[in-house]
1. For residues that are assigned to a loop (DSSP other than H, G, I, E, B) and among the aromatic types (Phe, Trp, Tyr), scanning just segment 68-122, find the one that is modelled with the lowest pLDDT.
2. Taking the conditions exactly as written (in a helix (DSSP H, G or I) and either within 17 Å of Met104 (Cα to Cα) or among the acidic types (Asp, Glu) (or both)), does Glu59 satisfy them or not?
3. Please give the number of the condition Phe182 fails out of (1) within 25 Å of Ser37 (Cα to Cα); (2) touching a residue at least 12 places away in the same chain (Cβ under 8 Å); (3) not acidic (Asp, Glu).
4. Is it true that Ala128 is outside any helix (DSSP H, G or I) and in contact (Cβ under 8 Å) with a residue 40 or more places away in the chain?
5. Here is a check on your reading of the model: is Phe156 surrounded by 15 or more Cβ atoms within 10 Å (Cβ to Cβ) and either assigned to a loop (DSSP other than H, G, I, E, B) or out of contact with any helix residue (DSSP H, G or I) (no Cβ under 9 Å at 6 or more places or on another chain) (or both)?
6. I'd like the full set of residues that are in a helix (DSSP H, G or I), surrounded by 12 or more Cβ atoms within 10 Å (Cβ to Cβ) and without any contact (Cβ under 8 Å) to a residue 60 or more places away in the chain, limited to segment 7-21.
7. Do you know which of the residues in segment 160-172 that are outside any loop (DSSP other than H, G, I, E, B) and closer than 15 Å to Val124 by Cβ is nearest to the chain's Cα centre (by Cα)?
8. Would you check if Asp129 is surrounded by fewer than 17 Cβ atoms within 10 Å (Cβ to Cβ) and either among the acidic types (Asp, Glu) or at pLDDT below 95 (or both)?
Amino acid sequence: MLTLNQVKKNSKILEFIKQTEKSLKASGYTEHGLDHSTLVAKRARKIAKDISLSEKEQELSAIAGFCHDMASFISRSEHHYFGSLLFHQVFQNDFSPSEISKIMRAISMHDRDEMEFSNPISAVLILADKSDVHRSRVLVKKMNRIKADIHDRVNFATTMSKLLVDKKKKRITLILKIDANFVPVMEYFEIFTKRMVYCRGAAKYLGYQFGLVINNFKLL
């Protein structure tokens, strides 16, 4: 089994992520490149550790987090499936069948709720990915263009985003600070309600409740 550090040095994976960043930037999406991949990998590892998954599961979660969006340069709508297949193509000889199938399933599930959860790595990846909302992900530099797109507006208005795991209370909470002078908090729900529902399902599978706190107000 490879480690995350070894996966991060693979030239094919790095090129896939590079091409994804270029492709989605050209299409006007928020940042989906190396920064997002690295943050999601780090957050996935921390969640897995905080809920006491094994060291192997922590590593697999981090690897899935790093690679989850890498196929977006092929297709945005089906990137989760293509990403799963690309991962197998690149690493089929470097992981056991069990290990690689868990990573593949996590990648294929992270953007769609078509399947039921069957391993914790998939749930961890969803929480790590869907909680990454922040100003730094906005690639557009012109304020008039930021204000014209609701995804850019909401991300730009989010000045703080962190995910906390309370093992004792069995609660996973996303804490956001949103500049309400820039956008009304309701706009967050306009575009992210489905993601929060997905996070709630992921947390439930792990035996936790999912919470949402925005500007010190508990909303979930």
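1. Ranking the qualifying residues of segment 68-122, first place goes to Phe117.
2. Taking the combined requirement at face value, the residue satisfies it.
3. Of the numbered conditions (1) within 25 Å of Ser37 (Cα to Cα); (2) touching a residue at least 12 places away in the same chain (Cβ under 8 Å); (3) not acidic (Asp, Glu), the odd one out for Phe182 is (1).
4. no
5. No, not satisfied.
6. Residues satisfying the conditions are Leu14, Glu15, Ile17, Lys18, Gln19, Thr20, Glu21.
7. Leu163
8. no
The values are calculated or read from the model by the stated rules, or taken from the named source; none is laboratory data. Note that the coordinates shown come from a computational prediction; the quantities given were computed from them, not determined experimentally. Positions of Cβ are backbone-derived with ideal geometry, glycine not excepted, and every protein chain shown enters the neighbour counts.
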